[in-house]
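Structure first, commentary second.
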Amino acid sequence: MNNLTKPVAVLMVLFGQSVIASAQDITALTRIGDVVSFQESTKTVTFSCADSSQVQLTVLAPDLIRVRAVFTKAIPAIDHSWAIAKENWDVPRWSLREDQQSITITTDELEAVVRRSPLLIEFRDARTHQVINSDEQPMAYDKNGLLKSRMFDPSAGVFIAASKKLGFDEHFYGLGEKAARLDKRRSAFINWNSDTPGYAEGKDPIYQTIPFFIGLEKGNAYGIFFDNSYRSYFDFGHSSQRRAWFGAEGGELNYYFFNGPHIKQILGRYTELTGRMPLPPMWALGNQQSRWSYYPESMVEEVVKEYRERDLPLDVIHLDIDYMKNYRVFTFDGERFPDPRAFTKQLEQQGVKVVTIVDPGVKYQPKKSTELQTQIPRSPDGRYYVFDEGLEKNYFQRRANGALFIPHVWPGESAFVDYTKSDARKWWGDLHRFYLDNGVAGIWNDMNEPSDFVDQTGGNQRDVVSYDEGQKTTHAKNRNIFALLMARATYEGLERNRSDRRPYVITRAAYAGIQRYSTMWIGDTNSTWEALALNLPMFMSLGLSGEAFVGSDIGGFIGRGNGELLVRSYQVGFLTPFCRNHKELSGYDQEPWRFGKPYEDIIRKYLKLRYSLLPFLYTTLEESHRTGMPMFRPLMLNYQDDESTYNLDNEFMIGDALLVAPILKPDLTRRLVYLPKGTWYDYWTNKKFTGGQMIEVDAPLEKVPMFVRAGAIIPMGPAMNYVGEKQIDKLTFTIYPDETGSAETQLYEDDGLSPNYKTGAYRRISIKAHKAAQGFVIDVGAAEGTFDPGTKSYEFLIASYEHTSNVVSVIGDGKAHRLELK
Ligand code: GLC
């Protein structure tokens, strides 16, 4: 058998498993033709190939080169992606060199070598000329339709793939939300946004598509963002130990190559390209409680009352689908919530905000009905104005034959908006005035894969056409971007209609770039220990993929938990950006008090600690907004040179200061903790440990092992029951000196609510401490930014084991101060 026929046979057998990712190899695909000529412009080099294909390399930054390939035709003029936030880059310095074998594009950091025959692309470090990543075979496409029978919609595109050499010791990270471990080496994945309740490790695909990964070998990293919204495939040495390949069922072979070697640099660039998270309101860091569903309003009030009476902090209550009149979005059920404005006001007075769920399904209500007459002021004739307006303006999705597409979701027969139309997005966004007028503080987007009870694979939606910038494309291309555009419409609507407040949006499904519009949670998890353990690699991978504001249903969504699981869940959740307890319709109740006082007391302790840590958490969150570095991190992001962290997904860090090693199994009260090199302080006792080793620690139910990196300073405020409950007049900075006696931090503050931070209304101070002949010298830097949080007292203490710390304080007035602590 020659090289071409053998793999075909293998493919045919294996494709019986129905997905392309299970293919043994992709060598049967047709390879792109050799380079016959090339053309240079200010930032691009376009290669024309023997088979009429074209490949274009665009230099965007010294460490960022885009590759665009189309097969058997010229690169089209139209070039659009919903994921990209930054299109115009200042062309960096670059040069081109050619010889008989290849053409080399060189920037200050990166060399892209394009071999003419066969066409192979290799990326090298411009300084050392060391190979970072190279094609294992030429880019390829399914000319002969070998994979057609396995494609979602063979009429919508041709399967394309790029294959890279797999390093012997190469690790893979990212891909956003996958029910998988941190290091994705030897695994394969599919991206096809799917409603997958009760998923467990290995279930794939689930809700989101973030086709971005980071490769790491011998401490050096690179990144690849395959910006293609069709059903896509990533195989990191799963089907062959020779290659890591990625492909999609249509579109262009369009990817961005990021040079490291530092992951932080890659992540910074990736979030420059696809956008960074705007700051949510500070109360979004508060504790949140949800249930499918709290109603009527007296039940919500009861929950809030319990929280307050039990002295448990609470900032947000979520209203799930039953607040609506028969699941009609943009309505309240008039019996359950007779006066929503008065209701939200009453909660607001107790420091509690309301977030309502808004699903994409608009109830299909074509005929006259008087059912809603008294419920919807804007529909005096009893019509459902959302359906009427959407239909009249032709904003709903239609099938190729022009018929309205009618999926079945919570309201029964429904319609979905074509969010690729900009006027439809604006209309949808403006509909949210209904919620704003009723005092709703944030919006929760769910079911936006989009889920359709008729067929969760998307089959029922195959011929649904989206406007798509006038290209009129079908579901194969648009499924994965549906949630991104719905979240965008929501975010922009909130921003437009309440411009003095920061929008707060939560989403289940997503595509790359979602962080510009929405925070996320990882969907319908089980109330099991396995699901809790999976939280860690999932949050860490999301953070490595640009999504910084993440969380899961604390205690798990499906099934019956218990007090121990709930406590251990809170010991993770109290430090995740999104801290929300949520439970399904028929699940056993799991508010913090449901399993008895011993558990409730521990949960209270951690929720209170979260609120005390808010100055630290908010400062860390602002770093995510400004740089793209996640708050919830894998250790390998902070310790990229330490191989012991490459596979570590049962510990995490918050920013670069706090290391947490939660208990993720029942009946366990001790565990091993790996501490990277350096010195670490036990958060609870201040006892010092030398890093670069594994230690064994006690972790009785009331304790989650936490360590502070020597060299850090942690700012803390008072415990509170909701953000803004107390005027913060004192902040405490605990100094954890390193081996040289130094430590530093920053403190970021703003009004926590308005978008004014974007125009400089914030205060950032840096604090440095170092050991002096006697005691410590502490330098409080002059404030940066125009925000004045009012004068506060800053109290400093030095972490020390079995000693009472010395305390010294100064007035935090924005001016520089030097003080001594003896
Ligand atoms: C979906 C959501 C879940 C919600 C339920 C009812 O399953 O993921 O959080 O409670 O729908 O709206």
Could you check, for region 499-516, whether at least one of its residues is open to solvent by 10 Å² or more (accessible area, probe 1.4 Å), touching a strand residue (DSSP E or B) at 6+ places or on another chain (Cβ under 8 Å) and under 20 Å from residue 395 (Cβ atoms)? no
Inter-residue pairs, beta-carbon under 6 Å, first away from the ligand (no atom under 15 Å from the Cβ) and in region 580-595, second among the acidic types (Asp, Glu), 6+ apart: 592/600; 593/600
Considering residues of region 438-460 that are open to solvent by 30 Å² or more (accessible area, probe 1.4 Å) and touching a strand residue (DSSP E or B) at 6+ places or on another chain (Cβ under 8 Å) only, the residue nearest to the ligand (Cβ to nearest atom): 453
Take the conditions part of a strand (DSSP E or B) and either modelled with pLDDT of 95 or more or out of contact with any strand residue (DSSP E or B) (no Cβ under 9 Å at 6 or more places or on another chain) (or both) and apply them to residue 740. Does it pass? no
Go through region 552-579 and give me each residue that's within 15 Å of the ligand (Cβ to nearest atom) and surrounded by fewer than 24 Cβ atoms within 10 Å (Cβ to Cβ). 558, 559, 578
Determine, yes or no, whether residue 346 is within 24 Å of residue 549 (Cβ to Cβ) and touching a residue at least 40 places away in the same chain (Cβ under 8 Å). no
Per-region count, region 349-370, residues away from the ligand (no atom under 14 Å from the Cβ) and either in contact (Cβ under 8 Å) with a residue 12 or more places away in the chain or over 27 Å from residue 461 (Cα atoms) (or both): 14
Looking at (1) more than 26 Å from residue 168 (Cα to Cα); (2) touching an Asp or Glu at 6+ places or on another chain (Cβ under 9 Å), which one does residue 123 not meet, given that it meets all the others? (1)
Kindly indicate whether any position in region 514-523 is more than 15 Å from the ligand (Cβ to nearest atom) and in contact with a Leu (Cβ under 8 Å, 6 or more places away or on another chain). yes
So for region 152-165 (the condition being within 16 Å of the ligand (Cβ to nearest atom) and buried (at least 20 other Cβ atoms within 10 Å of the Cβ)), does at least one residue qualify? no
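State all residues of region 131-151 that are under 22 Å from residue 121 (Cβ atoms) and open to solvent by less than 20 Å² (accessible area, probe 1.4 Å); if no residue qualifies, say none. Spell out the reasoning first.
Narrowing region 131-151 to residues under 22 Å from residue 121 (Cβ atoms): 131-143.
Scanning region 131-151 gives 133, 134, 135, 137, 138, 139, 140, 142.
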Looking at region 760-780, can you tell me whether even one residue there is surrounded by 16 or more Cβ atoms within 10 Å (Cβ to Cβ) and not in a strand (DSSP E or B)? no
Kindly check whether there is at least one residue in region 482-491 that is surrounded by fewer than 21 Cβ atoms within 10 Å (Cβ to Cβ) and closer than 21 Å to residue 227 by Cβ. no
Unmet requirement for residue 413, which otherwise passes all of (1) under 29 Å from the mean Cα position of the chain (by Cα); (2) outside any loop (DSSP other than H, G, I, E, B); (3) more than 16 Å from the ligand (Cβ to nearest atom): (1)
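Within region 303-310, does at least one residue satisfy the condition of being within 24 Å of the chain's Cα centre (by Cα) and either more than 16 Å from the ligand (Cβ to nearest atom) or of a type in the set (Ser, Thr, Tyr) (or both)?
Within region 303-310, not a single residue is within 24 Å of the chain's Cα centre (by Cα) and either more than 16 Å from the ligand (Cβ to nearest atom) or of a type in the set (Ser, Thr, Tyr) (or both).
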Here the qualifying pairs (Cβ atoms under 7 Å; residues six or more apart or on different chains; first in region 152-170 and touching a residue at least 40 places away in the same chain (Cβ under 8 Å); second surrounded by fewer than 19 Cβ atoms within 10 Å (Cβ to Cβ) and among the hydroxyl-bearing types (Ser, Thr, Tyr)) come out as 164/134; 165/134
Residues of region 705-720 that turn out to be open to solvent by 20 Å² or more (accessible area, probe 1.4 Å) and either closer than 22 Å to residue 673 by Cβ or of a type outside the set (A, V, I, L, M, F, W, C) (or both), as a count: 2
Of all the residues that make up region 524-551, how many are closer than 27 Å to residue 626 by Cα, away from the ligand (no atom under 16 Å from the Cβ) and in a helix (DSSP H, G or I)? 7
Of the numbered conditions (1) without any contact (Cβ under 8 Å) to a residue 24 or more places away in the chain; (2) surrounded by fewer than 20 Cβ atoms within 10 Å (Cβ to Cβ); (3) under 30 Å from residue 93 (Cβ atoms), residue 111 fails exactly one; give the number of that condition. (2)
Boolean, residue 805 is assigned to a strand (DSSP E or B), open to solvent by 20 Å² or more (accessible area, probe 1.4 Å) and touching a strand residue (DSSP E or B) at 6+ places or on another chain (Cβ under 8 Å): no
Do we have residue 178 as among the basic types (Lys, Arg), in contact (Cβ under 8 Å) with a residue 60 or more places away in the chain and closer than 19 Å to residue 544 by Cα here? yes
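The values are calculated or read from the model by the stated rules, or taken from the named source; none is laboratory data. Keep in mind that this is a model prediction, so the values were computed, not measured. Ideal geometry is used to build each Cβ from the backbone, glycine not excepted, and the neighbour counts take in all protein chains shown. Keep in mind that these areas ignore ligands, DNA and RNA; they rest on the heavy atoms of the full protein, side chains included. Shrake-Rupley method; radii C 1.70, N 1.55, O 1.52, S 1.80 Å.
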